[in-house]
Every structure is written in structure tokens, then in C-alpha cells.
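Engineer: The structure follows.
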């Protein structure tokens, strides 16, 4: 008999230093195939426009493919690693945010050499609108006076109406240690399911831990201001 997990609709993550709120969704999919021995269970943790997949499978051999579908059509090919009876991985992208806004209308499909198992995604929809992903960026150790590798965030409109991104900026006591390299978002009207990208880097001028906030503001009443935590160590 297949087991169903006790799901929480959302996990609120509160930053210790900067008061920002990140909404994570714990979703699941109870999977079945053509025969009684073909079955499985998947846990999907969604945040912003990223989803982390862990799928246990039985009766289809080592999985070869995992995909989220809607209405019989593939929507997102999940970038997963496959072992015998197990699929794990994380995938990001604009369509993922739309899935997390209405998970019950999608299905997870896992394929293997001996068959296919699939089932509906179960969960509670998040508030649709201007979603920022990820909500944390850690640059690690970077030599003082040098440039880190660029990092990006994705801003996606998961609502069914357009919203405007009014501002993207870096704030906080160590804001001068970070530089925005590219900003596709400020002043942009995002249509439904449209996304934009902000690129930035860490340029430490002093040794030690340097923290700042990258702030995204919009006219979306549910997400007027979203904070992305930035941290890096100058060495």
C-alpha cells in the first residue's frame, strides 16, 4: 500500500539578521503505473521559481526521466539524477513558478526502462504575483579587491494580470561591497508568466563577513517588496 505524507502547506523561513519572509511549499505526488508493482511517491519542495524533487519509484527500473506535465503535455523537464528506485534534483525556471501557483492542475511523470508512473501534484497554491528566486545568495570567500563570479536572481510574474517592477536596488550597511551588473527588471511591466533577470557580484573592499539586501519592489499588492539576502566573506 502506498503511503501518503502529512504535508504542511507552507514553511515560513525568517532571517535572523534581516527581516525577510520566504515562502516554501511542501508538495507531493502519489505515483502509479500500469501494474500493481509500478508505484512510487514524490516529495517536491518549491520556493520562488525553483522546485526540489525527491522521488521513490518501484517497478520501472532505474528512472531515466522525470517531467511535470499539464493536460497531457510536457511543461518542465526536471534536471534530476537517477539511481535505482530514486530520482533527485533541483530545477529552476519561469514555468516552475506558475506550477507552484496552481500545483493541483499538474502531474508528475517518472519514466524507466520497465514502465511509467505518474500522478497529480498535491499542495496548496501560493499567492500568485511577482515572485523572486532565490531569496539567498552566498558568495563564499572572495579575495579583497577582486570580483566574484556573477550571480543571478529571477523575477517572475505568476499572476494572471501584468505587474510592474518599480525598483531593484542593494541596501544595508555593506551595500558598497556588491554591484549590480545587469538589471532587466527595474521599470519593466511583466506580463503573466514573464520573467526578468538581475545579475550582480560581490566585490569585497575589506576582510570579514559582508551582508546586504537586494530589494525588488513592484506594484503587486501581495509582494510589494521582496528581500534577497546577500552575504560573502572578504579574505
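Engineer: Against the condition within 21 Å of the chain's Cα centre (by Cα), assigned to a strand (DSSP E or B), at pLDDT below 50 and surrounded by 19 or more Cβ atoms within 10 Å (Cβ to Cβ), how does residue 22 come out, does it pass? Before the answer, list the steps.
Structural biologist: Working: within 21 Å of the chain's Cα centre (by Cα): yes; assigned to a strand (DSSP E or B): yes; at pLDDT below 50: yes; surrounded by 19 or more Cβ atoms within 10 Å (Cβ to Cβ): yes.
So residue 22 fits the description; yes.
Engineer: For a quick check of your reading: which strands (runs of 3 or more DSSP E) sit entirely within the stretch 180-220 and have at least 3 residues that are assigned by TED's automatic domain parsing to the domain that holds residue 169, over 16 Å from residue 138 (Cβ atoms) and within 18 Å of the chain's Cα centre (by Cα)? Quick ask: steps written out before the conclusion?
Structural biologist: On the way: elements: 188-190, 195-202, 208-218.
In the stretch 180-220, 195-202 are the strands (runs of 3 or more DSSP E) which contain 3 or more residues that are assigned by TED's automatic domain parsing to the domain that holds residue 169, over 16 Å from residue 138 (Cβ atoms) and within 18 Å of the chain's Cα centre (by Cα).
Engineer: While we're looking at this one, here's another question. Test each condition in (1) surrounded by fewer than 20 Cβ atoms within 10 Å (Cβ to Cβ); (2) in a loop (DSSP other than H, G, I, E, B); (3) in contact (Cβ under 8 Å) with a residue 60 or more places away in the chain for residue 149 and report the one that comes out false.
Structural biologist: (3)
Engineer: Would you call residue 75 in contact with a helix residue (DSSP H, G or I) (Cβ under 7 Å, 6 or more places away or on another chain), surrounded by fewer than 21 Cβ atoms within 10 Å (Cβ to Cβ), free of Cβ contacts under 8 Å to residues at least 60 places away in the same chain and not assigned by TED's automatic domain parsing to the domain that holds residue 198?
Structural biologist: Numbers: in contact with a helix residue (DSSP H, G or I) (Cβ under 7 Å, 6 or more places away or on another chain): yes; surrounded by fewer than 21 Cβ atoms within 10 Å (Cβ to Cβ): yes; free of Cβ contacts under 8 Å to residues at least 60 places away in the same chain: yes; not assigned by TED's automatic domain parsing to the domain that holds residue 198: yes.
Against the criterion (in contact with a helix residue (DSSP H, G or I) (Cβ under 7 Å, 6 or more places away or on another chain), surrounded by fewer than 21 Cβ atoms within 10 Å (Cβ to Cβ), free of Cβ contacts under 8 Å to residues at least 60 places away in the same chain and not assigned by TED's automatic domain parsing to the domain that holds residue 198), residue 75 qualifies.
Engineer: Looking at the structure I just gave you, is residue 168 in a strand (DSSP E or B) and touching a residue at least 40 places away in the same chain (Cβ under 8 Å)?
Structural biologist: On the way: in a strand (DSSP E or B): yes; touching a residue at least 40 places away in the same chain (Cβ under 8 Å): yes.
Criteria met by residue 168.
Engineer: Can I ask one more? Read through the list (1) in a strand (DSSP E or B); (2) modelled with pLDDT under 95; (3) more than 11 Å from the chain's Cα centre (by Cα), then give the number of the only condition that residue 110 fails.
Structural biologist: The number of the failed condition is (2).
Engineer: What residue, of 88, 57, is at pLDDT 90 or above, in contact with a strand residue (DSSP E or B) (Cβ under 9 Å, 6 or more places away or on another chain), over 18 Å from residue 107 (Cβ atoms) and part of a strand (DSSP E or B)? Steps first, answer last, please.
Structural biologist: Values: 57 fails: over 18 Å from residue 107 (Cβ atoms).
Just one listed residue meets the conditions, 88.
Yes/no matrix, rows are residues, columns are (1) modelled with pLDDT of 95 or more; (2) loosely packed, with under 14 Cβ neighbours inside 10 Å:
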| position | (1), (2) |
| --- | --- |
| 123 | no, no |
| 128 | no, no |
| 133 | no, no |
| 138 | no, yes |
| 160 | no, yes |
| 187 | yes, yes |
| 200 | yes, no |
| 204 | yes, no |
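Engineer: Could you list, in sequence order, all residues of the stretch 207-232 that are surrounded by fewer than 17 Cβ atoms within 10 Å (Cβ to Cβ) and in contact with a helix residue (DSSP H, G or I) (Cβ under 8 Å, 6 or more places away or on another chain)?
Structural biologist: None; the set is empty.
Engineer: Is it true that some residue in the stretch 96-105 is buried (at least 20 other Cβ atoms within 10 Å of the Cβ), in a strand (DSSP E or B) and touching a residue at least 40 places away in the same chain (Cβ under 8 Å)? Walk me through it before giving the result.
Structural biologist: In the first step, residues of the stretch 96-105 are kept if they are buried (at least 20 other Cβ atoms within 10 Å of the Cβ); the result is 96-101, 103.
Still in the list and also in a strand (DSSP E or B): none.
Taking every residue of the stretch 96-105 in turn, none turns out to be buried (at least 20 other Cβ atoms within 10 Å of the Cβ), in a strand (DSSP E or B) and touching a residue at least 40 places away in the same chain (Cβ under 8 Å).
The values are calculated or read from the model by the stated rules, or taken from the named source; none is laboratory data. Not measured: the values here are computed from a predicted model. Cβ atoms come from the backbone with ideal geometry, glycine included; neighbour counts cover every protein chain shown.
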